Amino acid sequence: MTTDSLFPIVGIVAPDGGLRALEDFFKTIPADPGMAFVIIADFAPGRVGDLPDSLARHTDLAVKLVRDGQKVERNKGYVLPPGSTLTIVDGHMRLNQIEAAFHGRHPADVFFVSLARDRGEYAIGILLSGGGSDGVLGVKAIKEHGGLVLARGRDDSGPDWADMPDNAIVTGLADFAIPIGAMARTLAENFRGVSRRGEVTRKPKASDESRVARAELELRDTRERLRGAIAGYEAALEELKSVNGELVSLNKELRASNDELEIAQEKLQSLNEGLQAVNTELRAKLDDLDRANGDLTNLFVSTDVATIFLDRNLAIRSFTPAMSQLFDLVAGDKGRPFRELAMKFDYPELQADITAVLASGALMERRTRGPEADAPHFLARLTPYRESGGATDGVVATFIDVTNIAKSEERQRNLVAELNHRVKNMLAVVVAITQQTLARAASPDAFAKAFLARLQAMARSHELLSRQSWGEVGLEEMVRQGLAPYVPTDAARITLSGPAMTLPPTVALSLGMVIAELATNAVNHGALSNANGRVGLAWSSSSDADTSALTLVWREVGGPAVTRPQKIGFGLKVVKREIEYGHFGAAQFEFDENGFSARLQIPLTSRGERQP
C-alpha cells in the first residue's frame, strides 16, 4: 500500500432508531478530518437510502451509498446498502449479498474484521449503539491489529445501551467509553494528522490505570447483577418446593384411584372369562357358517354368469354381481318382488316363463338380446329351485352371454354372402379383361401374355388379401407387391412416399390391378423401358365431415420422349375403369414430353358399388 493511502478509516455501527446519534456525531466532525467514515446502519431498507441526505444536512463531508469496487477516500462518508455485507481490500470496498456470501454472519463483524486486516493500527471502530453481540468479534480483531475502539457511554463512564457497547466495555475491548460529543476530540487527540509524506501517526493510547479503573467499575456493576440473579433464583426455588408439595399430594390421590381400578379390573376379568367360554362355542359355529358363506360368496364373485335365485313368491333371494348388468339391481334388493325390476334387454315373456317353470318344474331355454343393434346376446336358462326333499321352492334364472357365438354365426353368414358377391365380381372382371384383351391382341401369343399378366396381378392382390383374412391391407405393402414383378422396389429407380395407411379389400383389389397396368405401361413404353428412367409414386389422404379420399400421383422421368396419343391404350382404360366406374373416383393422365404422369383420386367412404 502506498504512503498516500495510509489514513484512518472509521467504522461506525448504529441500529434502527440511531439516526439522531449519527447526526449528533457528524455535527462534531470538521470539514477536513483526514479520515474516512463507513456507516454500518441496521435501518429498514427504505430508510437506508435516505440516510446520506439526512446526514448531509449536519456535516460538510460528502456522504454516499457504497458502490462495489469503490476506493475509500479521505474526508468522505460511506453508507452500507441494505441486505449486504462490506469488506475492504487494499483500500477498495467489496459488496456481497448476505445470503450468497456471508450466510449467518453479522455485517458489523464482517466489516470490522476486514478493516482491521486492511488498515491495522489505522482501523477505528465506533459503537454508537447496537443489539446482541454483532460487532464484538469485529472490535476484537481491531484491537488485535493495534486499532482504536470507542464506545458511546450513557454518561462520562458508562454505555447508553446494554448490548453491543456494553459487551465491548465489559470485555475490555473498548479504549474509551465516552459521550458522542467527545468522540471527535478523542479521534483528533489520538491521531496527529497528515505528515509531509502523507502519513497519519497515532498518539499513545490511554493509560493502563484508566482502563483498570473502568474495569473495576464494570466488575462492581456485574456483582450487583449477580446478586439480583441469585435472589431471583432463590425465589424460584421456593416456588418449586411449593409446587412439588402439591404434586406429592396429587400422587397420593392417584394411587388411591389406581387401587380402586385394580379391584374393578379383577371383577371384570372374572366376568370376561365366563363370556370367553360362551364366545368360543359361538365362534366354532360361526366359523362353519363363515366357510359355507365364503364358498358361496366366492362362487358368486368369481362367476361371470348372471344368476338370480327367486323364492316361491318370486321374491329375490340372492344374485350374482353380473346380474346388475342386465337388471337395475343393488345389494338392498334382496326380498324385493322380481316383477318390479327393470330389464336392460328385450325379453317380454320372462315373467310368464318363470311362472311356467315354477308351475311345471321343467327346464326352459330362450335366446334374447337388447334392443340396440350392438346389444349382447344371452341364452336365458330357467330351472326350478328344489329343496332337499325334491319339492320346488322357487326358480333359478341364469343368463349366459352368447354374443361371441351369435357374432360367429353372423360372420359366417356374411362371409358366405361376401364370397358369393366377390366371386361374381371377379368373374365379371375376368370376362371384361378377356374381351378387351382379345379385341386388341395382335396374335394369340400376345393375347396370352397380356391376359396372363392381368390375371397374375389379380392373383397377387387376392393372395395379399387372403393373408389378411380379407380385412384392411396396408397401402405401401400392396404397392410394393404390385411393382415387384417389374422392378425391385428398393432400387433407386422407384421412389415411394406417403403416410402409413390401410385400405378396404375392394379398394386394395382394384389398386393392385391399377399398379400392375401403370408398371406394365412404364416397362413397355415409359421410364422403365431404358436404364435411366425413374418412377415416383406418392399418396396422401384427405377427409371432411362426410367423406374421405385417397390421392395417388404416378410420375415418370428420364424415359423416352412422350407424345400425346390419339387415343389411350387398353391398360390406361383399365385404370380409368377401375377408378371411375369401380369406385366413383377420378383418373387424370398427363403426356408431358418429359414423362408420363397420372393422378388418381379414390373415395374411401363407401357410396355403393357399380357392377362391371
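A short reminder: the numbers here are calculations on the coordinates, not readings from a lab. In this text the structure is predicted, and so the values were computed from the model without any measurement. For neighbour counting, all protein chains shown are included, and Cβ atoms are generated from backbone atoms with ideal geometry for every residue, glycine included.
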Legend entry - Net charge of Cβ neighbours under 15 Å - reference Asp333; Lys, Arg +1; Asp, Glu -1: +2
Legend entry - Point-to-point label distance, Ser257-Arg117, nm (Cα→Cβ direction, 7 Å offset): 6.4 nm
Inset, instruction - Order these peptides, 276-287, 520-531, by their mean beta-carbon neighbour count within 10 angstrom, highest first. - result: 520-531, 276-287
Inset, instruction - Considering the convex hull of the alpha carbon atoms of the range 337-405, report its projected area averaged over all viewing directions, in nm², one decimal. - result: 5.3 nm²
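Based on the Cβ-Cβ distance from Leu299 to Ser541, what FRET efficiency comes out when R0 is 45 Å, to the nearest 0.05?
Working: r = 52 Å, r/R0 = 1.17.
The formula returns an efficiency of 0.30 here.
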Inset, instruction - Averaging over all projection directions, find the projected area of the Cα convex hull of the range 267-397 and quote it in nm² with one decimal place. - result: 11.2 nm²
Legend entry - Peptides ranked, highest mean first, by Cβ atoms within 10 Å: ranges 32-40, 179-187, 565-573: 32-40, 179-187, 565-573
Legend entry - Violating pairs (Cα-Cα greater than 22 angstrom) within the set Lys27/Lys140; Lys64/Lys143; Lys27/Lys76: Lys27/Lys140; Lys64/Lys143
Legend entry - Rough spin-label spacing in nm, given labels placed 7 Å along Cα→Cβ, for Asp68 and Ala284: 8.8 nm
Inset, instruction - Would you please put 403-409, 49-55 in order of how densely packed they are, using the mean number of other Cβ atoms within 10 angstrom per residue and starting with the highest? - result: 49-55, 403-409
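Pulled fully out, how much extra length does the chain show between Glu23 and Tyr581, if you take 0.36 nm times their separation in residues and subtract their Cα-Cα distance?
Separation in residues times 0.36 nm, less the Cα-Cα distance, equals 190.4 nm.
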Inset, instruction - Grab the beta carbon distance between Arg220 and Leu240, set R0 = 25 Å, and tell me the FRET efficiency rounded to 0.05. - result: 0.20
Inset, instruction - Evaluate E = 1/(1 + (r/R0)^6) for Glu477 and Ser360, where r is the Cβ-Cβ distance and R0 equals 60 Å; express this FRET efficiency to the nearest 0.05. - result: 0.50
Inset, instruction - Hand me the trypsin sites (Lys or Arg not before Pro) from the range 1-78 located in a DSSP loop with no more than 15 other Cβ atoms within 10 Å, in residue order please. - result: Arg57, Arg67
